[in-house]
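Undergrad: Handing you a structure now.
The values are calculated or read from the model by the stated rules, or taken from the named source; none is laboratory data. Source: prediction; values computed, not measured. We place every Cβ from the backbone using ideal geometry, glycine too, and count neighbours over all the protein chains shown. Calculation scope for accessible area: heavy atoms of the full protein, side chains included, ligands and nucleic acids excluded. Shrake-Rupley method; radii C 1.70, N 1.55, O 1.52, S 1.80 Å.
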Amino acid sequence: MLPETPDSSRPDVSLPLQGGCACGAVRYTLKSAPVALFACHCTLCQRQSGSAFGQSLRVRRADLDIQGETVTLRRETERGTRSESVFCPGCGGRLYNMRPGTDYCHLRGGTLDDTSWLRPAAHIWTRHAQPWFTPPADTLVETGQPASLDAIVQHWQDTKAPRFR
């Protein structure tokens with residue numbers, strides 16, 4: 001149950017955040033508040049999550065402390081950029097992905113121990129969304145990869161982000 005707050009859609013969430021892979025061999029601690037949350041409907045996120053979309057929680061890589069052995073896979077994205085995905089070698093669970101040389105990574109929202117407060121600000125790559133999916137009216141929608149995540153970051157922080165303490 002979420003703590004009682006003046007705006008129950010924006011609960012209080014305590015830092016640091018904890019999470020890990022399905023088998024428990026890899027655990028992490030996130031020491032700072034996430035920057036944004038969005039849902040990605042690209043076919044890769046669908047395959048890797050085994051679901052209709054993946055949840056991407058944008059966080060500062062320097063504030064993410066990983067405990068346990070991981071494997072990094074590199075690939076070229078549909079946009080022609082490089083991406084690295086970090087997995088647990090035991091269960092194969094994807095923990096996060098990032099572009100090399102950037103300060104941020106996208107933590108898989110479902111790997112958090114407490115997911116009750118996750119509310120995506122946007123849905124991207126919706127041209128690959130399942131036909132039954134209808135984005136909520138209060139979210140941003142992109143048919144592909146946005147040129148910038150600035151609008152998503154701002155919308156999440158203004159309307160969806162919990163109060164981190």
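Undergrad: Quick one: count up the residues across segment 112-149 that are under 15 Å from the mean Cα position of the chain (by Cα) and small (G, A, S).
TA: 3
Undergrad: Let me ask another. Just give me the residues in segment 116-127 being open to solvent by less than 60 Å² (accessible area, probe 1.4 Å) and over 17 Å from Q154 (Cα atoms), in sequence order.
TA: S116, W117, W125, T126
Undergrad: Suppose we keep only residues that are outside any loop (DSSP other than H, G, I, E, B) and in contact with a helix residue (DSSP H, G or I) (Cβ under 9 Å, 6 or more places away or on another chain) within segment 115-149. Which one would you say is farthest from F38 (Cα to Cα)?
TA: Across segment 115-149, the extreme among qualifying residues is H128.
Undergrad: Inspect all residues belonging to segment 77-88 and state whether any of them is within 14 Å of C40 (Cα to Cα) and touching a Ser or Thr at 6+ places or on another chain (Cβ under 7 Å).
TA: Yes - at least one qualifying residue is present in segment 77-88.
Undergrad: Hey, among T102, T29, which residue is among the β-branched types (V, I, T), in contact (Cβ under 8 Å) with a residue 12 or more places away in the chain and part of a strand (DSSP E or B)? Even if it seems obvious, please write down each step before you answer.
TA: On the way: T102 fails: part of a strand (DSSP E or B).
Within the list T102, T29, the selection yields T29.
Undergrad: Where in segment 49-88 are there strands (runs of 3 or more DSSP E), lying fully within it, with 1 or more residues that are touching a Leu at 6+ places or on another chain (Cβ under 9 Å) and modelled with pLDDT of 95 or more?
TA: 54-60, 64-67, 82-87
Undergrad: Hey, any hits in segment 150-158 for a residue that's over 14 Å from the mean Cα position of the chain (by Cα), small (G, A, S) and assigned to a loop (DSSP other than H, G, I, E, B)?
TA: Looking for residues that are over 14 Å from the mean Cα position of the chain (by Cα), small (G, A, S) and assigned to a loop (DSSP other than H, G, I, E, B), one finds none in segment 150-158, hence no.
Undergrad: Would you be able to say whether some residue in segment 41-48 is open to solvent by less than 40 Å² (accessible area, probe 1.4 Å) and either out of contact with any strand residue (DSSP E or B) (no Cβ under 8 Å at 6 or more places or on another chain) or assigned to a strand (DSSP E or B) (or both)? Full working, then the answer.
TA: Filtering segment 41-48 down to residues open to solvent by less than 40 Å² (accessible area, probe 1.4 Å) leaves 41-42, 45-46.
Those left that are additionally either out of contact with any strand residue (DSSP E or B) (no Cβ under 8 Å at 6 or more places or on another chain) or assigned to a strand (DSSP E or B) (or both): none.
No - not one qualifying residue is present in segment 41-48.
Undergrad: Out of the residues in segment 135-149 that are among the hydroxyl-bearing types (S, T, Y) and surrounded by 11 or more Cβ atoms within 10 Å (Cβ to Cβ), which is farthest from A22 (Cα to Cα)?
TA: Restricting attention to segment 135-149, the residues satisfying the condition of being among the hydroxyl-bearing types (S, T, Y) are 139, 143, 148.
Of the ones still in play, those that are also surrounded by 11 or more Cβ atoms within 10 Å (Cβ to Cβ) are 139, 143.
Details: T139: 29, T143: 30 Å.
Top of the filtered list is T143.
Undergrad: Conditions first: (1) at pLDDT 90 or above; (2) touching a Phe, Trp or Tyr at 6+ places or on another chain (Cβ under 8 Å). C45 passes all but one, so which condition is the exception?
TA: Of the numbered conditions (1) at pLDDT 90 or above; (2) touching a Phe, Trp or Tyr at 6+ places or on another chain (Cβ under 8 Å), the odd one out for C45 is (1).
Undergrad: Here's another thing I want to ask about it. Of everything in segment 137-159, what is in contact with a strand residue (DSSP E or B) (Cβ under 9 Å, 6 or more places away or on another chain) and either of a type in the set (A, V, I, L, M, F, W, C) or modelled with pLDDT under 95 (or both)? Give them in sequence order.
TA: L140, V141, G144, Q145, P146, L149, A151, I152, V153, W156, listed by residue number.
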